[in-house]
Amino acid sequence: MDIKTFGVIGSGQMGNGITQVAATSGLSVIMNDISQEFVDRGMTTISKNLDRSVEKGKMTAEEKQAVLSRIKPSISIQDMAAADFVVEAATENEKIKFQIFKTLDETCRPEAILATNTSSIPIGRIAAQTKRPDKLIGMHFMNPVPVMKLVEIIRGIATSDETFQLTWDLSIRFGKTPAVANDYPGFIANRILLPMINEAVYCLYHGVGKREDIDTVMKLGMNHPMGPLALADLIGLDTCLAIMETLYNGFKDSKYRPCPLLVKYVEAGWLGRKTGRGFYEYK
């Protein structure tokens, strides 16, 4: 199958990043969201990212315009009827994702591949919402998408070899390095990363250290580029909590219990960078 038109559901932090790398690779991209405001914001972010590439000499102004011209903003999911391959990058909420995939299954051509950028929800559960489980796969990009090289590829129990190979090849076309994970809650990346972040929150909760000290220990002691609390703010505390709850519910193991402080911050609307306050304050 020759993939020419690529669809992205969601124009937020992950969606606009996926759109950017797909359009930069030469594909025509349909970027969809539920409102024009969200889509416009996503296009502005992509344009600013490309401006930085122009300033650094990584692309010309003409190449930037060519990338933008390959992106079609959309506020109707019915536009995905034209796509050969669709990646869903909506909020990490099972009910929302299930409804999206039911609609995509009804909208997209029978041969179209449907992928999810879910951080933790089992692929088999999402595939069960469609009549094409063989054409459904996990394609988990890392944040920020234009910078991070990894794509986690997760096969559901029914995912076909053809779907897997197309997704693998597409990841390489995007300039990414694919890695395969089996279909368990959290896959590989977040099954390791989020319990570490959660434990850092527990350290703050129990008064083991202040936020700066916890992050400094992990940056300088473990050579991490960013401390776990600052990273949680970047990811979004609501997303971190959703992943921890998926792990906790999926394995029924108390080691995945979300820290009460993380729950409290999310309930207060302190979600990190996107709201201006999380474990740190942002102007």
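The values are calculated or read from the model by the stated rules, or taken from the named source; none is laboratory data. What you see is a predicted model; the values in this text were computed from it and never measured. Because the Cβ atoms are built from the backbone with ideal geometry, glycine has one as well, and the counts that use them run over all protein chains shown.
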* Yes or no: residue 110 part of a loop (DSSP other than H, G, I, E, B) and touching a residue at least 40 places away in the same chain (Cβ under 8 Å)? -> no
* Subset tally (residues that are part of a helix (DSSP H, G or I) and either of a type in the set (D, E, K, R) or at pLDDT below 95 (or both)) for region 34-56 -> 7
* Inspect all residues belonging to region 142-150 and state whether any of them is in the same structural domain as residue 110 (by TED's automatic domain parsing), surrounded by fewer than 17 Cβ atoms within 10 Å (Cβ to Cβ) and within 19 Å of residue 84 (Cα to Cα). => no
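Table: residues versus (1) in contact with a Ser or Thr (Cβ under 6 Å, 6 or more places away or on another chain); (2) assigned by TED's automatic domain parsing to the domain that holds residue 85; (3) among the hydrophobic types (A, V, I, L, M, F, W, C).
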{"site": "14", "(1), (2), (3)": "no, yes, yes"}
{"site": "22", "(1), (2), (3)": "no, yes, yes"}
{"site": "29", "(1), (2), (3)": "yes, yes, yes"}
{"site": "38", "(1), (2), (3)": "yes, yes, yes"}
{"site": "46", "(1), (2), (3)": "no, yes, yes"}
{"site": "51", "(1), (2), (3)": "no, yes, no"}
{"site": "55", "(1), (2), (3)": "no, yes, no"}
{"site": "59", "(1), (2), (3)": "yes, yes, yes"}
{"site": "65", "(1), (2), (3)": "no, yes, no"}
* Qualifying positions in region 168-219 - in contact (Cβ under 8 Å) with a residue 12 or more places away in the chain, of a type in the set (Val, Ile, Thr) and surrounded by fewer than 19 Cβ atoms within 10 Å (Cβ to Cβ) -> 177, 180, 188
* Asked: Quick one: how many residues across region 230-254 are touching a Leu at 6+ places or on another chain (Cβ under 9 Å) and surrounded by fewer than 20 Cβ atoms within 10 Å (Cβ to Cβ)?
  -> 1
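Condition first: closer than 20 Å to residue 145 by Cα and either touching a Cys at 6+ places or on another chain (Cβ under 7 Å) or part of a loop (DSSP other than H, G, I, E, B) (or both). Now tell me which residues in region 198-228 satisfy that.
224, 225, 226, 227
Does residue 138 fit the bill of being in the same structural domain as residue 102 (by TED's automatic domain parsing), under 22 Å from residue 250 (Cβ atoms) and touching a Leu at 6+ places or on another chain (Cβ under 7 Å)?
Answer is no for this residue.
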* Structure fact -> residue 250 meets each of (1) under 20 Å from residue 145 (Cβ atoms); (2) modelled with pLDDT under 95 with one exception, condition (1)
* If you check every pair at least six apart or on different chains, which have Cβ atoms under 7 Å apart with a residue in region 30-53 that is in contact (Cβ under 8 Å) with a residue 24 or more places away in the chain first and a residue that is acidic (Asp, Glu) and part of a helix (DSSP H, G or I) second? -> 30/79; 32/79
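Does residue 25 meet the test of being in contact with a Lys or Arg (Cβ under 9 Å, 6 or more places away or on another chain), surrounded by fewer than 23 Cβ atoms within 10 Å (Cβ to Cβ) and without any contact (Cβ under 8 Å) to a residue 12 or more places away in the chain? Write out each step before concluding.
Numbers: in contact with a Lys or Arg (Cβ under 9 Å, 6 or more places away or on another chain): yes; surrounded by fewer than 23 Cβ atoms within 10 Å (Cβ to Cβ): yes; without any contact (Cβ under 8 Å) to a residue 12 or more places away in the chain: no.
The answer is no for residue 25.
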* Inspect all residues belonging to region 115-133 and state whether any of them is surrounded by fewer than 21 Cβ atoms within 10 Å (Cβ to Cβ), of a type in the set (Ser, Thr, Tyr), within 22 Å of residue 5 (Cα to Cα) and assigned by TED's automatic domain parsing to the domain that holds residue 9. => yes
* Asked: Before we move on, is residue 104 closer than 29 Å to residue 266 by Cβ, in contact with a helix residue (DSSP H, G or I) (Cβ under 7 Å, 6 or more places away or on another chain) and assigned to a helix (DSSP H, G or I)?
  -> yes
